[in-house]
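Undergrad: Here's a structure for you.
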Amino acid sequence: MRFMYIVKHPGPSTQPPPEMMEAMHKLADREIKAGRMLDNGGLMPVATGAQVRIADGKLSVIDGPFVEAKEVIGGYAVFELRDKEEAVAMAREFMQLHLDFMPGWEGTCEVRAFAGP
Amino acid sequence: MTSDDRDHAMHRSILAVWRIEQPRLITNLSRMLRDVPLAEELTQDALVAALEHWPTAGVPEKPGAWLMATAKRRALDHLRRARMLARKHEMVALELEAEQQAMPDLDAALDDDIGDELLRLIFTACHPLLSREGRVALALRMICGLTTEEIARAFLVADATIAQRIVRAKRTLSESGLAYETPSGAELSERLSSVLEVVYLIFNEGYTAARGEEWLRPQLCNEALRIGRVLTTIAPFEPETHGLLALMELNASRTAARTDAAGEPILLLDQNRALWDQLQIRRGMQALDRARKLDGAGGFYALQAAIIACHAEAGTAADTDWPGIAALYAELMTVMPSPIIELNRAVAVSMVEGPEAGLAIVDRLVNEPALKDYHLLPNVRGDLLYKLGRYDEARAAFEAAAGLAGNKREQDFLKRRAAEAADAVKSS
């Protein structure tokens with residue numbers, strides 16, 4: 001089963017400390033070598049993005065800067081795993097890094113299975 | 001949720017963690033013990049320990065480190081006991097004990113780069129000394145962390161059969177006194193082809209499973225893909241590992257389109273290409289590209305991948321590069337001469353030069369002993385005869401094919417083709 005991991009936290013985004021970056025890099029490296037992680041990436045701050053929106057039946061493009069949303073998506077990953085239990089085990093390990101290296105950080109890692117066969 | 005449900009959920013969570021950690025546990029223990037089968041047993045013991053402790057004590061903060069520490073403790077116990085037997089082991093045990101004391105930080109154990117170790121483990125599990133079935137079972141058990149029962153269910157055989165294959169394979173490994181190492185030089189290519197063969201066997205076993213069958217069977221494709229991806233990251237300079245991964249990714253990309261809602265097979269040319277998984281196609285094309293860059297375009301797996309790539313890259317069935325496919329099959333015949341490949345070439349040639357030219361090749365294969373019981377030979381013959389309007393001969397060929405087909409869905413499909421041909425006889 002393919003899973004999407006979406007990491008959300010209250011904005012604005014902050015740069016993780018180097019130890020955190022290193023730990024995440026190690027975990028990512030391990031998961032690529034294990035053939036489980038297919039793709040991952042961090043996202044630039046919301047303020048630098050754009051929004052294409054439909055409201056009241058009209059399409060509009062809103063370019064930044066924006067007021068930071070209450071909760072922003074900081075990054076994502078795509079994994080190929082056997083079942084939801086494995087997916088949750090991976091998410092726990094990833095989130096534990098935040099506990100270890102970014103005390104005080106709060107956020108959510110949403111684990112979602114891809115629709116498909 | 002009843003307490004039974006909770007126990008079951010906990011059990012599944014523990015198994016999930018263990019499966020993720022298992023290859024690293026085995027490789028670390030194999031290095032300590034120089035004995036892969038024993039290392040495998042002790043990692044199973046660590047799983048049992050987790051199943052005993054975690055439901056009451058809770059899942060530890062760092063479950064991987066917990067499992068590693070537990071497994072290493074078992075290995076040390078083992079080495080201590082073995083101390084009575086051999087002075088050499090004593091030295092190893094003392095060294096390891098010192099190492100353990102000097103490094104109480106469990107995280108350090110997790111930082112090991114396991115690439116080389118894992119490769120060594122894969123080469124051991126897929127050693128050509130072992131029977132093909134033994135290699136498949138050991139690989140699924142030691143590299144993918146499947147249980148004996150799961151492997152048995154995936155291969156539709158009895159638990160005892162798989163258990164016996166594993167015991168026999170492990171005994172062969174223990175008794176042969178094989179060096180636990182990555183082969184090099186001339187030996188490497190022979191050993192590597194044994195590994196790739198096992199991975200492709202696992203993939204095909206899953207790929208031939210029908211939808212709606214036991215979910216573990218199709219799951220074999222994912223396990224094979226995973227080992228394939230592992231191989232390309234830890235042995236990146238071997239073109240055929242990329243070739244095999246490309247072949248598997250490209251084939252797997254069609255999974256959603258291969259059967260209809262009732263589970264009936266849909267032929268490649270009739271499939272809805274919108275259902276092909278573009279992410280997987282892209283990964284397959286990248287892998288094929290890497291194989292080519294490593295001068296591996298002419299490899300056994302890379303050539304097969306290139307053939308599938310011709311289909312993957314065609315927007316519609318009519319856009320298929322049949323001359324390209326016919327040429328690739330001809331090249332494949334020089335790498336690995338086989339009547340099955342020649343039969344496939346016949347199909348491609350028929351698409352380029354017409355059914356008559358294809359039938360000429362097929363008719364040369366009719367007396368081939370290797371294809372005596374191969375249902376696809378009369379199946380292809382029936383197709384070509386039908387296209388030529390020789391409906392009665394087509395009907396006979398489809399009936400012969402139905403008699404040889406191993407699975408019920410294929411039999412039904414071929415009987416329908418035979419009936420279609422019979423109708424055509426009447427109306428012509």
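Undergrad: All but one of (1) within 14 Å of chain B (Cβ to nearest Cβ); (2) part of a loop (DSSP other than H, G, I, E, B); (3) loosely packed, with under 14 Cβ neighbours inside 10 Å hold for A:Glu19; which doesn't?
TA: Only one criterion in (1) within 14 Å of chain B (Cβ to nearest Cβ); (2) part of a loop (DSSP other than H, G, I, E, B); (3) loosely packed, with under 14 Cβ neighbours inside 10 Å is unmet by A:Glu19, namely (2).
Undergrad: If you don't mind, there's one more thing I want to ask. For residues that are basic (Lys, Arg) and more than 21 Å from the chain's Cα centre (by Cα), scanning just segment B:2-54, find the one that is surrounded by the fewest Cβ atoms within 10 Å (Cβ to Cβ). Reasoning before the result, please.
TA: Narrowing segment B:2-54 to residues basic (Lys, Arg): B:6, B:12, B:19, B:24, B:31, B:34.
From what is left, the residues that are more than 21 Å from the chain's Cα centre (by Cα) are B:6, B:12, B:31, B:34.
On the way: B:Arg6: 11, B:Arg12: 15, B:Arg31: 17, B:Arg34: 14.
So the residue we want is B:Arg6.
Undergrad: Quick one: how many residues across segment A:1-16 are outside any loop (DSSP other than H, G, I, E, B) and not aliphatic (A, V, I, L, M)? Explain how you work it out, then say what you get.
TA: Keep residues of segment A:1-16 that are outside any loop (DSSP other than H, G, I, E, B), which gives A:2-10.
From the residues that got through so far, the ones that are not aliphatic (A, V, I, L, M) too are A:2-3, A:5, A:8-10.
Residues flagged as outside any loop (DSSP other than H, G, I, E, B) and not aliphatic (A, V, I, L, M) within segment A:1-16 amount to 6.
Undergrad: Would it be correct to say that B:Ala69 is more than 14 Å from chain A (Cβ to nearest Cβ), surrounded by fewer than 21 Cβ atoms within 10 Å (Cβ to Cβ), assigned to a helix (DSSP H, G or I) and modelled with pLDDT under 65?
TA: Judged against the criteria, B:Ala69 is not a match.
Undergrad: For segment B:354-371, name all the residues that are modelled with pLDDT under 95, outside any helix (DSSP H, G or I) and not hydrophobic (A, V, I, L, M, F, W, C).
TA: Those that are modelled with pLDDT under 95, outside any helix (DSSP H, G or I) and not hydrophobic (A, V, I, L, M, F, W, C): B:Asn367, B:Glu368.
Undergrad: Hey, another quick one. Quick check on this structure: which one of B:Ile162, B:Ile166, B:Ile143 is within 14 Å of chain A (Cβ to nearest Cβ) and in contact (Cβ under 8 Å) with a residue 12 or more places away in the chain? Break it down into steps so the answer makes sense when it comes.
TA: Details: B:Ile162 fails: within 14 Å of chain A (Cβ to nearest Cβ); B:Ile166 fails: within 14 Å of chain A (Cβ to nearest Cβ).
Only one candidate qualifies: B:Ile143.
Undergrad: Is it fair to say B:Leu118 is of a type outside the set (Val, Ile, Thr) and over 27 Å from A:Asp83 (Cβ atoms)? Steps first, please.
TA: Details: of a type outside the set (Val, Ile, Thr): yes; over 27 Å from A:Asp83 (Cβ atoms): no.
Answer is no for this residue.
Undergrad: Here is a follow-up. Where residues in segment A:84-105 are small (Gly, Ala, Ser) and part of a helix (DSSP H, G or I), which of them is farthest from B:Ala9 (Cα to Cα)? Can you show your working first?
TA: At the first step, the residues of segment A:84-105 found to be small (Gly, Ala, Ser) are A:87, A:89, A:91, A:104.
The next check asks that each one be part of a helix (DSSP H, G or I); those that pass are A:87, A:89, A:91.
Numbers: A:Ala87: 14, A:Ala89: 12, A:Ala91: 17 Å.
Step by step, filter segment A:84-105, then rank; the result is A:Ala91.
Undergrad: When the residues of segment B:375-420 are filtered to those that are of a type in the set (A, V, I, L, M) and in a loop (DSSP other than H, G, I, E, B), which remaining residue is nearest to B:Val349 (Cα to Cα)?
TA: Applying the first criterion (of a type in the set (A, V, I, L, M)) to segment B:375-420 yields B:376-377, B:380, B:384-385, B:388, B:394, B:396-397, B:400-402, B:404-405, B:414, B:418-419.
Checking the rest, the ones that are also in a loop (DSSP other than H, G, I, E, B) come to B:388, B:405.
Numbers: B:Leu388: 15, B:Ala405: 24 Å.
Restricting to residues being of a type in the set (A, V, I, L, M) and in a loop (DSSP other than H, G, I, E, B), the top hit is B:Leu388.
Undergrad: Could you check A:Leu99 against (1) under 30 Å from B:Gly228 (Cβ atoms); (2) within 14 Å of chain B (Cβ to nearest Cβ) and say which number it fails?
TA: If we test A:Leu99 against (1) under 30 Å from B:Gly228 (Cβ atoms); (2) within 14 Å of chain B (Cβ to nearest Cβ), just (1) comes out false.
Undergrad: Among residues belonging to segment B:272-331 that are among the polar types (S, T, N, Q) and either touching a strand residue (DSSP E or B) at 6+ places or on another chain (Cβ under 6 Å) or away from every other protein chain (no Cβ under 14 Å) (or both), point out the one that is nearest to B:Arg254 (Cα to Cα). Reasoning before the result, please.
TA: Filtering segment B:272-331 down to residues among the polar types (S, T, N, Q) leaves B:272, B:278, B:280, B:286, B:304, B:316, B:320.
Checking the rest, the ones that are also either touching a strand residue (DSSP E or B) at 6+ places or on another chain (Cβ under 6 Å) or away from every other protein chain (no Cβ under 14 Å) (or both) come to B:304, B:316, B:320.
Working: B:Gln304: 15, B:Thr316: 14, B:Thr320: 16 Å.
Looking at residues that are among the polar types (S, T, N, Q) and either touching a strand residue (DSSP E or B) at 6+ places or on another chain (Cβ under 6 Å) or away from every other protein chain (no Cβ under 14 Å) (or both), I get B:Thr316.
Undergrad: A further question on this structure: Which residue is surrounded by the fewest Cβ atoms within 10 Å (Cβ to Cβ), if the candidates are limited to segment B:127-146 and must be in a helix (DSSP H, G or I) and more than 12 Å from the chain's Cα centre (by Cα)? Spell out how you get there, then give the answer.
TA: From segment B:127-146, those in a helix (DSSP H, G or I) are B:132-142; that's our starting set.
Retained after the next criterion (residues that are more than 12 Å from the chain's Cα centre (by Cα)): B:132-134, B:138, B:141-142.
On the way: B:Arg132: 13, B:Glu133: 17, B:Gly134: 24, B:Leu138: 28, B:Arg141: 24, B:Met142: 27.
Looking at the filtered set, the residue picked out is B:Arg132.
Undergrad: For the structure I just gave you, tell me whether B:Leu201 is buried (at least 22 other Cβ atoms within 10 Å of the Cβ) and either outside any helix (DSSP H, G or I) or more than 10 Å from chain A (Cβ to nearest Cβ) (or both). Spell out the reasoning first.
TA: Working: buried (at least 22 other Cβ atoms within 10 Å of the Cβ): no; either outside any helix (DSSP H, G or I) or more than 10 Å from chain A (Cβ to nearest Cβ) (or both): yes.
Answer is no for this residue.
Undergrad: Now a separate question. Looking at this structure, is A:Lys58 at pLDDT below 95 and more than 24 Å from B:Gly145 (Cβ to Cβ)? Can you show your working first?
TA: Values: at pLDDT below 95: yes; more than 24 Å from B:Gly145 (Cβ to Cβ): yes.
It is true that A:Lys58 is at pLDDT below 95 and more than 24 Å from B:Gly145 (Cβ to Cβ).
Undergrad: Name the pairs: first residue in segment B:35-63 and more than 14 Å from chain A (Cβ to nearest Cβ), second residue among the charged types (D, E, K, R) and in a helix (DSSP H, G or I), Cβ to Cβ under 6 Å, at least 6 apart or on different chains?
TA: Correct list of pairs: B:Pro37/B:Lys170; B:Leu42/B:Arg74; B:Asp45/B:Arg74.
Undergrad: Has segment A:72-93 got at least one residue that is farther than 25 Å from B:Trp54 by Cβ, in contact with a helix residue (DSSP H, G or I) (Cβ under 6 Å, 6 or more places away or on another chain) and surrounded by 16 or more Cβ atoms within 10 Å (Cβ to Cβ)?
TA: Our first condition is that a residue be farther than 25 Å from B:Trp54 by Cβ; within segment A:72-93, this holds for A:72-78, A:80.
Of the ones still in play, those that are also in contact with a helix residue (DSSP H, G or I) (Cβ under 6 Å, 6 or more places away or on another chain) are A:72.
Filter once more, keeping what is surrounded by 16 or more Cβ atoms within 10 Å (Cβ to Cβ): A:72.
Looking through segment A:72-93, at least one residue is farther than 25 Å from B:Trp54 by Cβ, in contact with a helix residue (DSSP H, G or I) (Cβ under 6 Å, 6 or more places away or on another chain) and surrounded by 16 or more Cβ atoms within 10 Å (Cβ to Cβ).
Undergrad: Moving to a separate point now. Whether any residue in segment B:281-291 is in contact (Cβ under 8 Å) with a residue 40 or more places away in the chain, basic (Lys, Arg) and outside any loop (DSSP other than H, G, I, E, B) is what I want to check.
TA: yes
Undergrad: Just one of A:Gly42, A:Gly64, A:Gly49 is under 30 Å from B:Glu223 (Cα atoms) and at pLDDT below 90; which is it?
TA: Criteria check complete, one pass: A:Gly42.
Undergrad: When segment B:308-353 is examined, which residues are found to be crowded, with 16+ Cβ neighbours inside 10 Å, among the hydroxyl-bearing types (Ser, Thr, Tyr) and in a helix (DSSP H, G or I)?
TA: Matches in segment B:308-353: B:Tyr329, B:Ser350.
Undergrad: Still on this model: From the list B:Arg217, B:Arg211, B:Arg226, which residue is at pLDDT below 85, within 13 Å of chain A (Cβ to nearest Cβ) and either surrounded by 15 or more Cβ atoms within 10 Å (Cβ to Cβ) or outside any helix (DSSP H, G or I) (or both)?
TA: Numbers: B:Arg217 fails: within 13 Å of chain A (Cβ to nearest Cβ); B:Arg226 fails: at pLDDT below 85.
So the residue among B:Arg217, B:Arg211, B:Arg226 that is at pLDDT below 85, within 13 Å of chain A (Cβ to nearest Cβ) and either surrounded by 15 or more Cβ atoms within 10 Å (Cβ to Cβ) or outside any helix (DSSP H, G or I) (or both) is B:Arg211.
Undergrad: Please pick out the residue among A:Pro45, A:Pro16, A:Pro10 that is closer than 18 Å to A:Tyr76 by Cβ and touching a Pro at 6+ places or on another chain (Cβ under 8 Å). It would help to see each step written out before you state the result.
TA: Working: A:Pro16 fails: touching a Pro at 6+ places or on another chain (Cβ under 8 Å); A:Pro10 fails: touching a Pro at 6+ places or on another chain (Cβ under 8 Å).
One residue alone meets the criteria, A:Pro45.
Undergrad: Of the numbered conditions (1) touching an Asp or Glu at 6+ places or on another chain (Cβ under 7 Å); (2) polar (S, T, N, Q); (3) away from chain B (no Cβ under 14 Å), A:Thr108 satisfies every one except a single condition; which is it?
TA: Only one criterion is unmet by A:Thr108, namely (1).
Undergrad: Moving to a separate point now. Among the residues of segment B:158-178, is any out of contact with any Ser or Thr (no Cβ under 8 Å at 6 or more places or on another chain), β-branched (Val, Ile, Thr) and part of a loop (DSSP other than H, G, I, E, B)?
TA: no
Undergrad: Does segment B:240-260 contain at least one residue that is surrounded by fewer than 16 Cβ atoms within 10 Å (Cβ to Cβ), at pLDDT 90 or above, over 19 Å from the mean Cα position of the chain (by Cα) and away from every other protein chain (no Cβ under 11 Å)?
TA: Scanning segment B:240-260, I find no residue that is surrounded by fewer than 16 Cβ atoms within 10 Å (Cβ to Cβ), at pLDDT 90 or above, over 19 Å from the mean Cα position of the chain (by Cα) and away from every other protein chain (no Cβ under 11 Å), so the answer is no.
The values are calculated or read from the model by the stated rules, or taken from the named source; none is laboratory data. It should be emphasised that the depicted structure is a prediction, and the values quoted were computed from it without experimental measurement. Counting neighbours? That spans all protein chains shown, and the Cβs are built from the backbone with ideal geometry, glycine included.
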